[in-house]
Amino acid sequence: MGLGDIKYEDVIAATEEFRRLGRDIFLQTYGFGRAKSYELVLDGSRFDSKAIAGVAHGHATGDFLSAKDFSGGAATVARRLRELGFVVETGAMSPNRATLLERLRQLKVSRGPGNPAPSRHQPLSLLWAIGREADERPRMTPWPQFRDEVGPLLVEFGLPNAKATPEYPFWHLRGSELWEVQGIPAERVREMPKVSILKAHHPLAGFKEETAALLRDPVTRLDAIATICETYLADVDRQALFKRMGLDGYTTAGNLASPSEDETSGADVDEYGRVTTPAPRRDATRSVIVRDEALARKVKELENDQCQICGTALRYLNRPYSQAAHIRGLGRPHHGPDELQNLLCLCANCHVLFDGLEIYVDPDGLVRGTRDSRHPRPLRRDPGHPIDQAHLDYHRDLCRINARQPAAG
């Protein structure tokens, strides 16, 4: 009996079991490793194609195949799944995305005679442009705006004693093949235009359309930010940098709100600074993300309202109390999905630490501290609670770039 015995409904049964158990337990149960190449894509989720085929064969015939029982790849598993109408994609990084990251690592940055360190002008300009992309602002920027916004950033985060010359990255980023400049007369394109020419013609500069399209994907965008920071800005304060770049959404995995600095404004205080009158109120209008409350209840029920990190089971008003935490945040800039595979059941303390990038889950399922010697402990998980490893990878990358040290096992 071979893979030809598998039917559509057998594959669906295997994917449902995959969702129910979660990837790690599913693969361990049936003797498979993570897919190196081909993944089945269904309803926005990705499944290890060879493992799905082996389990689907069991649903079809009663004979559950393990990894050693058959070969995977385009000629076997991928072909059969596609014959049944499923989408199978390579799990490898796309050539375009890989090229983008490689070009970011290979920027032709200058080195001054008094400082052997590579100039930060191009990396800082690219981060600024990525911040615009994350904020869904126009791809191309006029020279005066680029000068006025990027110039101060080069002073604040550039190399010590380096002269701020925004005209250089504005023009020379063209050499990365990720960037273009429009509006300069053809006869002036052979060499860098003088600032007077830039002032006279008001050219536009920004990512090429194909680069911008890649950076609209949140995962690729995070990879690009991490590549720039780790290659060129290793000793820069990331929190301060991201805030100035319009990338402050990358300093948290969720939507931690900072208390207002003027919370007591308008209230009477005594000589010790204590408020002596009722707190003032003000009208406010805000836009909030609509979450699926049924999913939040589901993850709490699965985990019995017990924190998956520290094991705490809180009670409030004589009822169990826990919080449903998204691993990859909803909304800008992370755009994580509101799905069970992207949820953890946490206590309030661990939720704050997780969103604040102080703790993360390593590839072995251990919860570790980002900045300290916190003793690792396994992430608790009910067998019926699936968690997508890709979301944990995304959160771990956020922790890494903010801590300026590898968040690895």
Check: Given Cys345, Cys350, which one is touching an Asp or Glu at 6+ places or on another chain (Cβ under 7 Å) and either at pLDDT 95 or above or part of a helix (DSSP H, G or I) (or both)?
Finding: Cys345
Notebook entry, point to check: If the Cβ limit is 6 Å and pairs must be 6+ apart or interchain, which residue in the range 102-124 that is at pLDDT below 70 pairs with which residue that is surrounded by 13 or more Cβ atoms within 10 Å (Cβ to Cβ) and not in a strand (DSSP E or B)?
Noted result: Asn115/Leu159
Item checked: Number of positions in the range 298-335 that are over 25 Å from the mean Cα position of the chain (by Cα) and part of a helix (DSSP H, G or I) -> 2
Next item on the list: Examine the range 207-215 for a residue that is more than 17 Å from Arg132 (Cα to Cα) and either surrounded by fewer than 20 Cβ atoms within 10 Å (Cβ to Cβ) or without any contact (Cβ under 8 Å) to a residue 40 or more places away in the chain (or both), and state whether such a residue exists.
Entry: no
Next item on the list: Can you work out which of the residues in the range 148-161 that are buried (at least 18 other Cβ atoms within 10 Å of the Cβ) and in contact (Cβ under 8 Å) with a residue 40 or more places away in the chain is farthest from Ile228 (Cα to Cα)?
Entry: Leu153
Notebook entry, point to check: Hey, among Gly356, Gly369, Gly311, which residue is at pLDDT 85 or above and surrounded by fewer than 14 Cβ atoms within 10 Å (Cβ to Cβ)?
Noted result: Gly311
Check: Would you say Pro203 is surrounded by 14 or more Cβ atoms within 10 Å (Cβ to Cβ), at pLDDT below 90 and under 25 Å from Pro152 (Cα atoms)?
Finding: no
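The values are calculated or read from the model by the stated rules, or taken from the named source; none is laboratory data. This structure is a prediction, so every number in the text was calculated from the model and none was measured. Because the Cβ atoms are built from the backbone with ideal geometry, glycine has one as well, and the counts that use them run over all protein chains shown.
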